[in-house]
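The values are calculated or read from the model by the stated rules, or taken from the named source; none is laboratory data. Because the structure is a prediction, the values reported are computed rather than measured. Please note: Cβ atoms are built from the backbone with ideal geometry, for glycine as well, and neighbour counts cover all protein chains shown. We work out accessible area using only protein heavy atoms, side chains counted, and drop any ligands, DNA or RNA first. Shrake-Rupley method; radii C 1.70, N 1.55, O 1.52, S 1.80 Å.
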Amino acid sequence: MTKNLAVFASGQGSNFQEIAEQFPVSFLFTDKRQAYALKRAAKLGVQYYSFELNEFSSKVAYEEAIIALLEKHDIDLICLAGYMKIVGPALLQAYEGRIINIHPAYLPEFPGAHGIKDAWQAGVETSGVTVHWVDRGIDTGQIIKQVRVPRLKDDTLESFEARIHAAERKLYAEVLRELGLKSK
Ligand code: GRF
């Protein structure tokens with residue numbers, strides 16, 4: 001069975017690009033109209049949509065607009081890839097069990113918005129990357145797959161970050177394959 005995939009991002013979109021180069025993506029959604037990810041989508045010929053929470057009267061109304069897109073495209077799986085919003089009750093109720101997220105740390109270590117920096121500042125010898133199902137907590141859903149990423153002796157925060165990001169892109173594609181998505 002083909003699975004229709006949507007990717008949600010907020011910023012750079014490097015994970016989105018990696019996914020879109022390897023798998024058919026029905027659409028990209030960004031909650032920031034200026035997100036660089038949109039430029040990547042245009043280049044890759046992937047359909048995209050963008051609107052912001054503050055354009056709606058409530059988070060429920062915002063998520064209802066997202067749900068309308070998901071239904072229109074008959075989406076089976078949503079990949080959060082740097083989507084910097086907490087998934088609210090409306091979207092969860094409609095799609096829980098069909099939303100996955102990538103987190104730049106080895107959960108349950110270092111949840112939250114600054115997983116890389118927090119691990120760096122804690123002085124860990126290894127951190128990692130996690131793909132997990134999304135539930136109503138912050139980075140608390142069931143773990144699908146994780147990989148460890150070392151912090152090397154000569155690392156700067158930037159080089160450590162780059163190694164984490166490379167591991168993210170690789171892990172996300174592996175998980176999608178394991179979930180039954182067919183490569184392009
Ligand atoms: C990734 O590190 C992701 O795990 C985090 O935000 C970053 C997004 O990067 N939550 P990009 O937009 O995919 O380049």
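Here residue 19 fulfils each of the conditions (1) surrounded by 15 or more Cβ atoms within 10 Å (Cβ to Cβ); (2) more than 24 Å from residue 113 (Cα to Cα) apart from (2).
If you filter segment 22-55 down to residues that are buried (at least 19 other Cβ atoms within 10 Å of the Cβ) and aliphatic (A, V, I, L, M), you find that the one that is nearest to the ligand (Cβ to nearest atom) is 37. Scanning segment 143-184 for residues that are away from the ligand (no atom under 16 Å from the Cβ), basic (Lys, Arg) and in contact with a helix residue (DSSP H, G or I) (Cβ under 8 Å, 6 or more places away or on another chain) returns a single hit, 184. On inspection, residue 121 fails the criterion of being closer than 27 Å to residue 60 by Cα, over 15 Å from the mean Cα position of the chain (by Cα) and not small (Gly, Ala, Ser).
Here is the figure for segment 67-87: residues that are more than 16 Å from the ligand (Cβ to nearest atom) and under 16 Å from residue 25 (Cα atoms) total 9. Which ones in segment 122-166 are touching a strand residue (DSSP E or B) at 6+ places or on another chain (Cβ under 6 Å), part of a helix (DSSP H, G or I) and crowded, with 19+ Cβ neighbours inside 10 Å? Passing the criteria: only 164.
Quick grid of which residues meet (1) modelled with pLDDT under 95; (2) farther than 18 Å from residue 181 by Cβ; (3) in contact with a Phe, Trp or Tyr (Cβ under 8 Å, 6 or more places away or on another chain):
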| position | (1), (2), (3) |
| --- | --- |
| 6 | no, no, yes |
| 30 | no, yes, yes |
| 34 | no, yes, no |
| 50 | no, yes, yes |
| 65 | no, yes, yes |
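Reported count of residues in segment 2-16, each being within 15 Å of the ligand (Cβ to nearest atom) and outside any strand (DSSP E or B), is 7.
Of the residues making up segment 107-121, those that are open to solvent by 60 Å² or more (accessible area, probe 1.4 Å) and within 12 Å of the ligand (Cβ to nearest atom) are 111, 113, 114, 117.
Give segment 25-81 a look and list any residue that's in contact (Cβ under 8 Å) with a residue 12 or more places away in the chain and acidic (Asp, Glu), or say none. Residues satisfying the conditions are 31, 52, 63, 64, 74, 76.
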